[in-house]
Amino acid sequence: MSFFKTQQLTKNFGGLTAVNALNFQVEQGEIFGLIGPNGSGKTTVFNLITGFYPISAGNILFKGQTLNGLPTWKICKLGVCRTFQVVKPLRRMTVLENVVTSAFNHTGSLGEARDKALEVLEFCGLIKKKDQSAKGLTIGDRKRLEIARALATGPTLLLLDETMAGLTPQEQSEGVELIRKIRDAGVTIIIVEHIMQVIMNICDRILCINYGQEIASGLPVEVANNHDVIEAYLGKE
């Protein structure tokens with residue numbers, strides 16, 4: 001039984017097919033990359049997995065259980081959580097309060113939620129800023145807070161959507177270290193990222209899609225050197 005897989009996953013928006021019979025699987029403990037040019041359907045795939053959009057056809061299986069039709073909160077309860085391209089923390093709350101709200105996914109106790117939040121903030125390198133207002137954070141720290149909020153829900157599968165966008169090279173390097181640390185802690189990761197230096201260095205396997213369909217998959221070096229992938233990003237000669 002695969003840890004996670006899609007079967008003929010399809011999403012139609014009227015006459016537009018955004019995801020077209022997509023099949024892929026992710027093994028437990030992997031960092032799995034999902035790449036493709038702008039508009040290729042990557043974020044739509046994330047929205048389907050996490051229940052933000054209903055699927056048009058196909059199946060999504062997590063630990064053998066179908067996620068089809070489940071509400072987002074129930075998918076999160078099962079252990080699947082995501083971050084977003086555009087981070088939107090609860091601006092009037094502190095960093096700690098932001099993470100506490102996520103920790104309520106698995107407890108009704110304020111004390112337990114606070115303890116979990118403090119543990120996650122320490123893990124993500126934000127513990128010294130726990131009492132700071134979220135609206136005053138730098139973009140780098142907002143990205144870390146977004147990851148911390150997701151981790152506080154207790155996922156075993158974490159979907160990261162362009163967590164490196166807008167970061168400095170130093171912040172990107174620190175972000176890569178954090179992602180590897182998350183995987184080493186037992187969380188399987190699917191990552192969407194446009195910064196190829198990051199995606200090629202961090203992923204075990206990569207799937208490249210365009211127009212919602214697979215054009216290449218395999219080891220990072222195989223995908224990077226694939227003619228169809230190069231053409232999808234750079235165009236024909």
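Data overview
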quantity	calculated
Filter result for the condition that a residue is under 22 Å from V192 (Cα atoms), over 16 Å from the mean Cα position of the chain (by Cα) and among the charged types (D, E, K, R), over K5, K42, K74, K11	K11
In the stretch 48-65, the residues that are farther than 17 Å from M1 by Cα, in contact with a Leu (Cβ under 7 Å, 6 or more places away or on another chain) and not in a loop (DSSP other than H, G, I, E, B)	L48, I49, G58
Search result, residues across the stretch 204-237 that are part of a loop (DSSP other than H, G, I, E, B), within 21 Å of the chain's Cα centre (by Cα) and either at positive phi or modelled with pLDDT under 95 (or both)	Y211, G212
Options N12, N38, N20, N68; residue that is under 26 Å from Y233 (Cβ atoms), in a loop (DSSP other than H, G, I, E, B), out of contact with any helix residue (DSSP H, G or I) (no Cβ under 9 Å at 6 or more places or on another chain) and assigned by TED's automatic domain parsing to the domain that holds V229	N38
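Conditions tested, residue by residue: (1) free of Cβ contacts under 8 Å to residues at least 40 places away in the same chain; (2) of a type in the set (K, R).
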{"site": "G108", "(1), (2)": "yes, no"}
{"site": "A113", "(1), (2)": "yes, no"}
{"site": "E119", "(1), (2)": "yes, no"}
{"site": "C124", "(1), (2)": "no, no"}
{"site": "Q132", "(1), (2)": "yes, no"}
{"site": "L137", "(1), (2)": "no, no"}
{"site": "R144", "(1), (2)": "yes, yes"}
{"site": "L158", "(1), (2)": "no, no"}
{"site": "T163", "(1), (2)": "no, no"}
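Yes/no matrix, rows are residues, columns are (1) under 30 Å from G41 (Cα atoms); (2) modelled with pLDDT of 95 or more; (3) β-branched (V, I, T); (4) touching a Pro at 6+ places or on another chain (Cβ under 6 Å):
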residue	(1), (2), (3), (4)
E119	no, yes, no, no
G136	no, no, no, no
E146	yes, yes, no, no
T156	yes, yes, yes, no
L159	yes, yes, no, no
S173	yes, no, no, no
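The values are calculated or read from the model by the stated rules, or taken from the named source; none is laboratory data. Computed from a predicted model, the values in this text were never measured in an experiment. All Cβ positions, glycine included, derive from the backbone under ideal geometry; neighbour counts span all protein chains shown.
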